[in-house]
Structures are given as structure tokens and as C-alpha cells.
Amino acid sequence: MDTAKCIESEYGLACGGASAIKILQDPTGQLKLGVGATVWDAAFVLSKYIEKQVKLGSLDLSGKTVLELGSGTGVVGLSVALIEPTAKVILSDKQELLPLLQHNVDLNNAAANTSVQCIDWTAPAGIATHPDYILVSDGIWVTDIHEPLANTLGKLAGPQTKVLMTYESRRFEDEAKFMALWGNRFRFHDIKPADQDEMWQSEDIFLFEGALKN
Ligand SMILES: C[S@@+](CC[C@H](N)C(=O)[O-])C[C@H]1O[C@@H](n2cnc3c(N)ncnc32)[C@H](O)[C@@H]1O
């Protein structure tokens with residue numbers, strides 16, 4: 001991977017073993033990896049929400065299996081891996097993103113509890129066990145992946161799995177259609193700004209928790 005024009009950024013973490021997370025991203029598109037090669041704002045909202053809830057003791061990730069779908073650069077999943085070293089984290093995306101994801105795992109010395117796997121929503125491979133948590137940050141920005149993503153969530157979630165999903169609103173009509181699709185098999189509720197990180201929230205970024213319907 002030729003990273004000559006990539007940039008390495010550092011983001012603070014306020015709990016867990018590490019004090020910062022390092023992320024290599026490709027703002028000029030030289031790696032030709034598409035939209036996943038940069039960090040999207042919704043990723044910070046989800047990471048910081050998780051960090052806040054762990055710090056408050058309201059979210060216990062110790063020993064939990066956490067799968068991130070459409071990880072991109074891996075900010076969300078890697079935050080979990082650094083905040084809770086006993087969590088088993090799987091970062092996933094399309095095949096072409098995996099070298100960048102692995103690079104960011106190594107950059108944070110997170111290989112002990114973090115693995116990288118190809119999960120393409122258009123042909124999702126199965127995984128060994130249902131994860132305790134599935135994380136999705138900004139996975140519904142275009143409509144053609146709505147159905148594949150909803151199907152992938154339905155396939156990978158088990159009865160105990162909780163889904164934490166965030167997205168930045170761009171076209172409410174389209175997002176409502178995804179939520180209706182997701183709602184066929186999942187019940188979900190929005191996470192209010194008061195429960196999100198005080199600073200890392202935005203009026204156009206929405207956060208939801210969901211689980212399979214009984
Ligand atoms: C808008 S980016 C968000 C990246 C990252 N989650 C973030 O918030 O910074 C959408 C991500 O979904 C991934 N993606 C798009 N289509 C996909 C598919 N069919 N299967 C798996 N991942 C896909 C992209 O590669 C990209 O990483």
C-alpha cells in the first residue's frame with residue numbers, strides 16, 4: 001500500500017488503556033479505496049457515545065464480541081478495542097479496504113484483540129458466532145446499499161445482539177425508507193442527545209440502538 005499522500009491523524013480517548021487512537025486516511029484518494037478511506041463525522045459521534053457510556057458504567061464491553069460493518073478506516077471498532085482490551089473486535093468492509101484497516105490495527109498495536117475480515121453486504125459471508133454488538137457508522141449514505149445492509153444485519157445478528165447505528169442525515173426521505181426496511185426485522189429506538197457525548201454530537205447525526213424482534 002503506497003501511503004505517500006495519506007495522512008495520519010490522532011484522536012483523543014478519554015477512557016481505556018490508551019489515551020489516543022491513530023488513524024491513517026487517504027484524503028486525496030490516491031489509494032482508490034472509495035468513501036471508506038476517510039473518517040466520516042458520524043464515526044466520532046458513535047465512538048464518543050460508546051466511550052461515554054463505558055465511562056459511566058452503563059455499557060459493559062468486557063469480554064464482548066463486537067463486529068463493525070463498513071468500518072472504513074476503523075475508527076469506531078478501534079476505539080472499542082482500545083477502550084476495552086478484553087473485547088474481541090472484528091473490523092469489516094469490502095476486500096479492498098482490508099489493507100488500510102489492517103494498517104490502522106497495527107498502528108494502534110491492537111492486533112491482540114482486533115481482527116479484520118471481508119464482509120461485503122451484497123454477499124455477506126457467515127460468521128462463527130453472533131456478535132454481542134454490531135456497529136455501523138454512516139452505512140446508509142446511498143440507497144442502493146440499503147437492502148444489502150438490512151439483510152446483512154438480519155443475517156449476522158442473533159437474539160442477544162445489540163446494533164448501534166449512526167448516520168449523518170442527507171435526505172430524510174431515503175433514510176426513512178431504510179429505517180422502515182430495518183424495522184421489518186428489528187426494533188430500535190433513537191439515542192437522545194443527552195445520552196451522547198456533550199461535545200461530539202450534531203443535530204444532523206442520528207444514533208440508534210436496535211435488536212432483532214422476538
Ligand atoms: C460512508 S463510509 C463510512 C466509513 C466509516 N464507517 C466511517 O463512518 O468513517 C461507508 C463504508 O461502507 C463501506 N461499504 C460500502 N458498500 C459496502 C458493501 N457492499 N459491503 C461492505 N461495506 C461496504 C464502504 O467501503 C465504507 O467504508
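Given the criterion within 13 Å of the ligand (Cβ to nearest atom), hydrophobic (A, V, I, L, M, F, W, C), under 19 Å from Leu156 (Cβ atoms) and in contact with a helix residue (DSSP H, G or I) (Cβ under 7 Å, 6 or more places away or on another chain), identify the matching residue among Val75, Val116, Val89.
Exactly one of Val75, Val116, Val89 is within 13 Å of the ligand (Cβ to nearest atom), hydrophobic (A, V, I, L, M, F, W, C), under 19 Å from Leu156 (Cβ atoms) and in contact with a helix residue (DSSP H, G or I) (Cβ under 7 Å, 6 or more places away or on another chain), namely Val116.
Quick one: in the range 139-172, which of the residues that are within 11 Å of the ligand (Cβ to nearest atom) and of a type in the set (A, V, I, L, M, F, W, C) is surrounded by the most Cβ atoms within 10 Å (Cβ to Cβ)?
Met165
Just to be sure before I move on: is Thr28 over 17 Å from the mean Cα position of the chain (by Cα) and open to solvent by 30 Å² or more (accessible area, probe 1.4 Å) in the structure I sent?
So Thr28 fits the description; yes.
Is at least one residue of the range 98-110 modelled with pLDDT of 95 or more, near the ligand (Cβ under 10 Å from one of its atoms) and within 20 Å of Ala42 (Cα to Cα)?
Yes, that holds for at least one residue.
If I ask for residues that are among the polar types (S, T, N, Q) and open to solvent by 20 Å² or more (accessible area, probe 1.4 Å), which ones from the range 178-214 would you list?
If the condition is that a residue be among the polar types (S, T, N, Q) and open to solvent by 20 Å² or more (accessible area, probe 1.4 Å), then Asn184, Gln201, Ser202, Asn214 are the ones that fit.
Mind checking which residues of the range 44-79 are among the hydroxyl-bearing types (Ser, Thr, Tyr), within 15 Å of Ile90 (Cβ to Cβ) and surrounded by fewer than 22 Cβ atoms within 10 Å (Cβ to Cβ)?
Thr65
Pairs only if they're at least six apart or on different chains, beta carbon under 7 angstrom, first in the range 1-23 and at pLDDT 90 or above, second surrounded by 15 or more Cβ atoms within 10 Å (Cβ to Cβ) and assigned to a loop (DSSP other than H, G, I, E, B); list them, first residue then second.
The qualifying pairs are Cys6/Asp26; Ala20/Leu13; Ile21/Leu13; Ile21/Asn108; Lys22/Asn108; Ile23/Val39; Ile23/Thr73.
Among the residues of the range 66-81, write down those that are out of contact with any Leu (no Cβ under 6 Å at 6 or more places or on another chain) and not in a helix (DSSP H, G or I).
Residues satisfying the conditions are Val66, Leu67, Leu69, Gly70, Gly72, Thr73.
So which residues in the range 137-194 are of a type in the set (A, V, I, L, M), in contact (Cβ under 8 Å) with a residue 60 or more places away in the chain and farther than 17 Å from Ser92 by Cβ, if there are any at all?
The answer is Ile191, and nothing else.
Do we find that Ala4 is open to solvent by less than 40 Å² (accessible area, probe 1.4 Å) and of a type in the set (Gly, Ala, Ser) in this structure?
When the stated conditions are applied, Ala4 does not pass them.
Given the structure, is Gly16 in a loop (DSSP other than H, G, I, E, B), at positive phi and more than 16 Å from the chain's Cα centre (by Cα)?
yes
Would you point out the residue of the range 119-138, among those that are open to solvent by 40 Å² or more (accessible area, probe 1.4 Å) and near the ligand (Cβ under 9 Å from one of its atoms), that is modelled with the lowest pLDDT?
Ala123
The values are calculated or read from the model by the stated rules, or taken from the named source; none is laboratory data. Note that the structure is a prediction, hence the values are computed from the model and not measured. Neighbour counts are summed over all protein chains in view; Cβ atoms, including those assigned to glycine, are modelled from backbone coordinates with ideal geometry. With ligands, DNA and RNA removed, areas are computed over all heavy atoms of the protein, side chains included. Shrake-Rupley method; radii C 1.70, N 1.55, O 1.52, S 1.80 Å.
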